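The values are calculated or read from the model by the stated rules, or taken from the named source; none is laboratory data. Fair warning: this is a prediction, and the values are worked out from it, not measured in the lab. In this analysis, Cβ positions are derived from the backbone assuming ideal geometry, glycine residues included, and neighbour counts consider all displayed protein chains. These area figures cover heavy atoms from the full protein model, side chains too; ligands, DNA and RNA do not enter into them. Shrake-Rupley method; radii C 1.70, N 1.55, O 1.52, S 1.80 Å.
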Amino acid sequence: MTTRPPSPRAGTVLVSGLATAAYYATPDVIASRTARAWAKTGIVAVSLVAAAPELRAAWAAARRRPEVDGEPLPSIDVRSLPAGKKAVLLGSATAALVLAVRGAVAAERSVFRRGERRAAAGKRLPHTGPALLYGALTTALWWLPAPAEEG
(Lines give C-alpha, C1' and ligand atoms only; values in the text may rest on other atoms or scores of the structure.)
Protein backbone atom coordinates (compact mmCIF):
# COMPACT_ATOMS: atom_id res chain seq x y z
CA MET A 1 0.00 0.00 0.00
CA THR A 2 1.43 3.37 -0.97
CA THR A 3 0.60 6.62 0.72
CA ARG A 4 -0.04 9.80 -1.16
CA PRO A 5 2.14 12.77 -0.30
CA PRO A 6 0.22 15.56 1.41
CA SER A 7 -1.61 17.82 -0.99
CA PRO A 8 -0.20 21.32 -1.43
CA ARG A 9 -3.69 22.42 -0.41
CA ALA A 10 -3.21 20.89 3.05
CA GLY A 11 -1.29 23.91 4.34
CA THR A 12 -3.82 26.32 2.88
CA VAL A 13 -6.69 24.33 4.35
CA LEU A 14 -5.11 24.19 7.80
CA VAL A 15 -4.26 27.90 7.85
CA SER A 16 -7.71 28.82 6.56
CA GLY A 17 -9.53 26.77 9.18
CA LEU A 18 -7.35 28.05 12.02
CA ALA A 19 -7.60 31.63 10.77
CA THR A 20 -11.39 31.42 10.65
CA ALA A 21 -11.57 30.07 14.19
CA ALA A 22 -9.12 32.69 15.45
CA TYR A 23 -10.97 35.50 13.65
CA TYR A 24 -14.31 34.71 15.26
CA ALA A 25 -12.82 33.91 18.69
CA THR A 26 -11.02 37.26 19.03
CA PRO A 27 -13.74 38.89 21.20
CA ASP A 28 -13.00 36.28 23.89
CA VAL A 29 -9.29 37.14 24.06
CA ILE A 30 -9.06 40.81 23.02
CA ALA A 31 -11.28 43.29 24.83
CA SER A 32 -10.31 46.43 22.92
CA ARG A 33 -12.34 46.95 19.76
CA THR A 34 -9.40 48.67 18.06
CA ALA A 35 -6.95 45.92 18.99
CA ARG A 36 -9.47 43.33 17.80
CA ALA A 37 -9.74 45.10 14.44
CA TRP A 38 -5.96 45.05 14.03
CA ALA A 39 -5.78 41.40 15.06
CA LYS A 40 -8.52 40.48 12.57
CA THR A 41 -6.72 42.44 9.85
CA GLY A 42 -3.57 40.43 10.54
CA ILE A 43 -5.50 37.16 10.53
CA VAL A 44 -7.09 37.99 7.17
CA ALA A 45 -3.66 38.94 5.76
CA VAL A 46 -2.14 35.62 6.87
CA SER A 47 -5.09 33.74 5.43
CA LEU A 48 -4.79 35.56 2.07
CA VAL A 49 -1.05 34.87 1.88
CA ALA A 50 -1.69 31.18 2.58
CA ALA A 51 -4.43 31.08 -0.06
CA ALA A 52 -2.42 32.97 -2.70
CA PRO A 53 -1.30 29.85 -4.63
CA GLU A 54 -4.90 28.60 -4.82
CA LEU A 55 -6.13 32.04 -5.83
CA ARG A 56 -3.48 32.33 -8.55
CA ALA A 57 -4.39 28.88 -9.90
CA ALA A 58 -8.10 29.77 -9.93
CA TRP A 59 -7.37 33.06 -11.69
CA ALA A 60 -5.23 31.30 -14.32
CA ALA A 61 -7.97 28.73 -14.92
CA ALA A 62 -10.57 31.48 -15.27
CA ARG A 63 -8.41 33.34 -17.78
CA ARG A 64 -8.12 30.30 -20.04
CA ARG A 65 -10.69 30.47 -22.76
CA PRO A 66 -13.47 28.01 -21.88
CA GLU A 67 -14.33 25.33 -24.37
CA VAL A 68 -17.27 23.03 -24.93
CA ASP A 69 -16.56 19.85 -26.88
CA GLY A 70 -13.24 21.32 -28.02
CA GLU A 71 -14.85 24.43 -29.49
CA PRO A 72 -14.09 27.80 -27.89
CA LEU A 73 -17.10 29.58 -26.44
CA PRO A 74 -17.88 32.98 -27.88
CA SER A 75 -16.68 35.79 -25.68
CA ILE A 76 -17.87 39.33 -25.25
CA ASP A 77 -15.41 42.18 -25.29
CA VAL A 78 -16.90 44.68 -22.85
CA ARG A 79 -15.07 47.49 -24.62
CA SER A 80 -17.12 46.83 -27.75
CA LEU A 81 -20.49 47.19 -26.01
CA PRO A 82 -22.58 50.34 -26.45
CA ALA A 83 -22.43 52.84 -23.58
CA GLY A 84 -25.91 51.94 -22.31
CA LYS A 85 -25.05 48.24 -22.00
CA LYS A 86 -21.77 49.09 -20.31
CA ALA A 87 -23.67 51.20 -17.78
CA VAL A 88 -26.12 48.36 -17.09
CA LEU A 89 -23.26 45.89 -16.70
CA LEU A 90 -21.34 48.21 -14.39
CA GLY A 91 -24.47 49.03 -12.39
CA SER A 92 -25.33 45.35 -11.99
CA ALA A 93 -21.82 44.47 -10.88
CA THR A 94 -21.80 47.39 -8.42
CA ALA A 95 -25.19 46.38 -7.00
CA ALA A 96 -24.03 42.78 -6.59
CA LEU A 97 -20.89 43.93 -4.79
CA VAL A 98 -22.83 46.27 -2.49
CA LEU A 99 -25.33 43.53 -1.64
CA ALA A 100 -22.53 41.04 -0.95
CA VAL A 101 -20.72 43.47 1.37
CA ARG A 102 -23.93 44.40 3.18
CA GLY A 103 -24.76 40.72 3.60
CA ALA A 104 -21.31 39.96 4.98
CA VAL A 105 -21.51 42.87 7.43
CA ALA A 106 -24.98 41.77 8.57
CA ALA A 107 -23.74 38.21 9.09
CA GLU A 108 -20.68 39.42 11.04
CA ARG A 109 -22.87 41.56 13.31
CA SER A 110 -25.28 38.69 13.85
CA VAL A 111 -22.47 36.31 14.82
CA PHE A 112 -21.00 38.88 17.22
CA ARG A 113 -24.37 39.65 18.82
CA ARG A 114 -25.05 35.95 19.30
CA GLY A 115 -21.73 35.61 21.09
CA GLU A 116 -22.57 38.61 23.26
CA ARG A 117 -25.93 37.05 24.17
CA ARG A 118 -24.10 33.85 25.11
CA ALA A 119 -21.73 35.92 27.25
CA ALA A 120 -24.66 37.66 28.97
CA ALA A 121 -26.12 34.22 29.69
CA GLY A 122 -22.90 33.31 31.53
CA LYS A 123 -21.30 31.07 28.91
CA ARG A 124 -17.55 30.76 29.25
CA LEU A 125 -15.70 31.72 26.03
CA PRO A 126 -18.98 32.51 24.25
CA HIS A 127 -17.40 33.36 20.90
CA THR A 128 -14.87 30.53 20.84
CA GLY A 129 -17.31 27.61 20.66
CA PRO A 130 -19.03 28.83 17.50
CA ALA A 131 -15.64 29.98 16.14
CA LEU A 132 -14.35 26.41 16.30
CA LEU A 133 -17.42 25.26 14.36
CA TYR A 134 -16.85 27.97 11.73
CA GLY A 135 -13.20 26.90 11.43
CA ALA A 136 -14.23 23.27 10.96
CA LEU A 137 -16.77 24.25 8.30
CA THR A 138 -14.18 26.36 6.48
CA THR A 139 -11.77 23.43 6.51
CA ALA A 140 -14.45 21.08 5.17
CA LEU A 141 -15.41 23.51 2.39
CA TRP A 142 -11.78 23.77 1.23
CA TRP A 143 -11.75 20.02 0.59
CA LEU A 144 -14.72 20.16 -1.78
CA PRO A 145 -13.42 19.56 -5.29
CA ALA A 146 -13.36 22.46 -7.68
CA PRO A 147 -15.61 21.97 -10.73
CA ALA A 148 -12.56 21.43 -12.97
CA GLU A 149 -11.34 18.63 -10.67
CA GLU A 150 -14.57 16.61 -10.87
CA GLY A 151 -15.16 13.75 -13.20
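At a glance:
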read-out	value
FRET efficiency, 1/(1 + (r/R0)^6) with R0 22 Å, evaluated for SER110 and SER32 via beta carbons	0.50
Proximal lysines to LYS123, defined as alpha-carbon separation beneath 27 angstrom and excluding residues fewer than eight positions away on the same chain	LYS40
Heavy atoms of ARG109 accessible to a 1.4 Å probe, total area in Å² rounded to 10	140
